[in-house]
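Report on the following structure.
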Amino acid sequence: MQCLARAAEYRDDDSGQHVIRVGRYAALIAEQLGCAPVYVSMLEQAAHLHDVGKIGVPDTLLSKKGKLDPSEFERMKLHCEIGKRIIQPTNDGKWNQLRRNMVRANVLSTASSPMMTLAATIALTHHERWDGSGYPGGLAGEEIPLEGRITAIADVFDALSNERPYKDALPMQDCLNILEEGRGTHFDPHILDAFLACLNKVLEVKAAFADNRSLKSSQ
Ligand SMILES: [Fe+2]
């Protein structure tokens, strides 16, 4: 699973730290919300795969410096459904027969584990918005699974607060202002409150897992 997350990461972020930070931020938010430790732990791992569907997006789009045009954006949006298809439990008959015939069938149980089910949900729903204007489903409010709402804030905060090929990192106060502007439109207000309540811990993670952009360029 870690290898899959890394593979996706290297498609559009040359530091490799984005998925680690998003997983930690999601776990901190879930902790703040009072979620059970086993859920918090699974959420952190599962959130690493939120953008695994970008494996199916052309490099030209991922590395484009300017804004995506409408057709390019439609192509980019497909990464949610591609990600779910990569992760979700399979119902393939041959696969299930193979599992039944194996002495240690549990080695193939990863595809149907609770964590991978969680990861598939996150991959599909992390771009939904609280007001229903997100994608791919246009889900609104609590129709959006909790893990999708949590990962949305973690992912957007990380994107705003770090450099990307097409943008500089924003000052922290600007990041927080943008999150506030999304309260009740992009983000679940209750989850945004939880994020803000653990901001000190978030900033510790940000510092501990800062991007090292010289790493990939030297390889
Ligand atoms: Fe995404």
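Remark: region 165-211 carries a charge dipole of roughly 100 debye about the Cα centre, counting +1 on each Lys and Arg Cβ and -1 on each Asp and Glu Cβ. Pairs spanning more than 18 Å between alpha-carbon atoms, out of Lys84/Lys206; Lys64/Lys167; Lys64/Lys206; Lys54/Lys77; Lys54/Lys84: Lys84/Lys206; Lys64/Lys206. Annotation note: trypsin sites (Lys or Arg not before Pro) in region 41-93 located in DSSP loop regions with a Cβ neighbour count of at most 10 within 10 Å are Lys65, Lys67. Here's the list of aspartates and glutamates a cross-link from Lys65 could span, going by alpha-carbon distance under 20 Å and ignoring same-chain residues fewer than 8 apart: Glu9, Asp12, Asp13, Asp14, Asp51, Glu74, Asp155, Asp158, Glu163, Asp168, Asp211. Karplus-derived 3J(HN,Hα) values for region 206-211, using 6.51 cos²θ - 1.76 cosθ + 1.60 with θ = phi - 60°, are 4, 6, 6, 10, 5, 4 Hz; glycine and proline are entered as x.
Each of Lys167 and Ala210 was given a label point 7 Å from its Cα along the Cα-to-Cβ line. The distance between the two points is 2.1 nm.
The stretch between Leu203 and Glu180 holds 6.6 nm of extra length on full extension. This uses 0.36 nm per residue minus the Cα-Cα distance. Computed from backbone phi with θ = phi - 60° and the Karplus coefficients 6.51, -1.76 and 1.60, the 3J(HN,Hα) list for region 137-147 is x, x, 5, 10, x, 7, 5, 7, x, 3, 5 Hz; x is used for glycine and proline. Here the label points at Glu142 and Ala36, each 7 Å from Cα along the C-beta direction, are separated by 1.9 nm in the simple model.
Taken together, the values in this text are just the output of simple stated rules run on the coordinates, not laboratory data. Quick caveat, the model's predicted, so the values are computed rather than measured. Note: ideal-geometry Cβ built from the backbone for every residue, glycine included; neighbour counts use all protein chains shown.
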